[in-house]
1. Kindly check whether there is at least one residue in segment A:185-198 that is away from every other protein chain (no Cβ under 14 Å), open to solvent by 10 Å² or more (accessible area, probe 1.4 Å) and part of a helix (DSSP H, G or I).
2. Sort through B:Ile71, B:Ile121 and tell me the only one that's without any contact (Cβ under 8 Å) to a residue 60 or more places away in the chain, under 25 Å from B:Leu33 (Cβ atoms) and within 14 Å of another protein chain (Cβ to nearest Cβ).
3. Go through segment A:4-56 and count every residue that is polar (S, T, N, Q) and in a strand (DSSP E or B).
4. If a residue counts only when it is within 11 Å of another protein chain (Cβ to nearest Cβ), farther than 18 Å from A:Tyr309 by Cβ and not small (Gly, Ala, Ser), which strands (runs of 3 or more DSSP E) contained entirely in segment A:75-164 have at least 1 such residues?
5. Among B:Asp157, B:Asp153, which is the only one that is within 11 Å of chain A (Cβ to nearest Cβ) and crowded, with 22+ Cβ neighbours inside 10 Å?
6. Does B:Leu206 fit the bill of being within 11 Å of chain A (Cβ to nearest Cβ), open to solvent by 60 Å² or more (accessible area, probe 1.4 Å) and part of a helix (DSSP H, G or I)?
7. Which of (1) out of contact with any strand residue (DSSP E or B) (no Cβ under 9 Å at 6 or more places or on another chain); (2) within 14 Å of another protein chain (Cβ to nearest Cβ) is the odd one out, the single condition B:Gln100 does not satisfy?
8. Please go through (1) surrounded by fewer than 21 Cβ atoms within 10 Å (Cβ to Cβ); (2) of a type outside the set (Val, Ile, Thr); (3) touching a Leu at 6+ places or on another chain (Cβ under 8 Å) for B:Pro69 and return the number of the only condition it doesn't satisfy.
Amino acid sequence: MICLGIESTAHTFGASVSELTSEPVSFRIISDCKDVYKAPQGAGIHPREASRHHEETCSGVVENALASAKTGMNEIDFIAYSAGPGLGPCLRVGAVVARSLASYFCKQIVPVNHAIGHIELGKLLLGLDDPLVLLISGGHTVITARSAEGWRIFGETLDLTVGQLLDQLGRHFGMSSPAGPKIEALASQLNGQADVVGMLPYTIKGNDVSYSGLLSSSKDAFSKGISQESVCFSVQEVAFALLTEATERALAFTDKAELLVTGGVAANQRLSGMLKDMCGSRGVKLGVIPRQYSGDCGSQIAAAGFLFYNDGQSVPVNKAFTRQSWRIDRVNLPRSKFG
Amino acid sequence: MLEINHFSPVEGAEARIELIDWYDRPAIRKLRLSKKYRNQILDETLRSRRTKEEAEILHSSKLAQVDCPEIFFADPKTSELVMEFIPGSLLKDYLASGLQRAKLFKSLGKMVARLHKKGIIHGDLTTKNVILSQERMVLIDFGLSFVSDRLEDKAEDLHLLKQALKSSSPANIASRDFENVMSGYQKEIGEAFTKSLRKQISKIELRGRYAKVD
């Protein structure tokens, strides 16, 4: 079965041709193409500008995905698109592309929750069966696991996501988003300068974390003359220790034997190092999404697309809507062994 | 002979908890473990601060007429606490019997209200942190507790409990349980405050990522 997955929730317009075969079950990404909107330095994603970028690049990206998979629309069994959550104008571009292709080529169409895309892709690529999931990106900071009813949230951010924390600090320093990799690079150049870890608030409430105070204190530290390297190092230490602590608490609560880390921030080496230490001490199997697929991509939409397509959740073209607000715990999942 | 059906030594997320003999009394020893993943200074500061605060808050909770374990010994330097052992069963396990469900949640609400009246935020309210011991209902694990009189912090305390209930029971049961908590809470603290607290809880819920306004 071959799926064309289309991603357009935020800065990335992506398309992927992926294949799922049964007996034995095997998932293969045949192609994965994308074009990422770059915000101006010191600014965040402007939804209108990002959607304009998607409009301009979408046809090229889809053509590339088909061409590099050496296939055409005729070979595609169905189309999956990211229906939410995300930025409205951006989501609508992906939905329009999916609807147009579906109606012109008479294909079935499946709306996919973007967060579930991150998770399903991680499970397929890393061979995980029933993991606790730490999903960390610009749009999400959530600790979740499967239950009979669906994905249940065991912890999440009470305000900013960890991706927003890094992006907004980066913007304060005049970087462009996503700022995570630049902050990671600066943090590793600390070279004996004093850190300010002790000056920053460490806010954990149950399994939930809060980052708004950490962001303002970091900005304050910078304006008091602390170096960027030192601020970046300290923010990473605090923000990631919080995530690791909350995840460890959720692991203790759920007794899961596997942890999946996915989403854009999963690419950060300091964070995955902390999680590796923690999982090692608990005997938990850790799976971190490969860097190439940590950010938004068409493959994640295809990966989740198979799940919903096989469950009969394709929709008529005139019902292929977008949902800006679509929490992961509100998604109807196929009944499964968890049910 | 004590009936010990909720206890087994645990290597929790934060601490190692063991049953020890404390001058001929059974006692709980809670040792906050150093986390290798955490920056060393941060790790030491957090562990010693949490140990000290936990001991102080357990003491204040008694003064708020909330039943909780008695502290026998506390040492922030080694992050060690020794406290009273409470035999009995966890509320979480007891609920499976279905008995007195509404009454239990009302009592829990009353306990939380008494803490909040004195400005104590428990910080980790779940059905795993309540022990039923004969006639006693005992609140345990004040490891994330802090002192605050802000409406926001009190609302968040209950919001966490609501989430914990939702992550361990189907939605309709969880919401009935939470309503019972709130009714016990209101009886203790009054209608006016409870009303503003409920408003604040909804605000917190809407702040959640991608929360739907409905």
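1. There is at least one residue in segment A:185-198 that is away from every other protein chain (no Cβ under 14 Å), open to solvent by 10 Å² or more (accessible area, probe 1.4 Å) and part of a helix (DSSP H, G or I).
2. None of the other options fit; the residue is B:Ile121.
3. Going through segment A:4-56 one residue at a time, the tally reaches 6.
4. Of the strands (runs of 3 or more DSSP E) lying wholly inside segment A:75-164, those with at least 1 residues that are within 11 Å of another protein chain (Cβ to nearest Cβ), farther than 18 Å from A:Tyr309 by Cβ and not small (Gly, Ala, Ser) span A:132-136, A:141-146, A:151-156.
5. The conditions single out B:Asp157.
6. So B:Leu206 fits the description; yes.
7. Status for B:Gln100: all satisfied but (2).
8. Condition (1) is where B:Pro69 drops out.
The values are calculated or read from the model by the stated rules, or taken from the named source; none is laboratory data. Being a predicted model, the structure only gives us computed values, none of them experimental. All Cβ positions, even for glycine, are placed from backbone atoms using ideal geometry, and neighbour counts span all protein chains on display. Note: accessible area is taken over every heavy atom of the protein model, side chains too, but ligands, DNA and RNA are not part of it. Shrake-Rupley method; radii C 1.70, N 1.55, O 1.52, S 1.80 Å.
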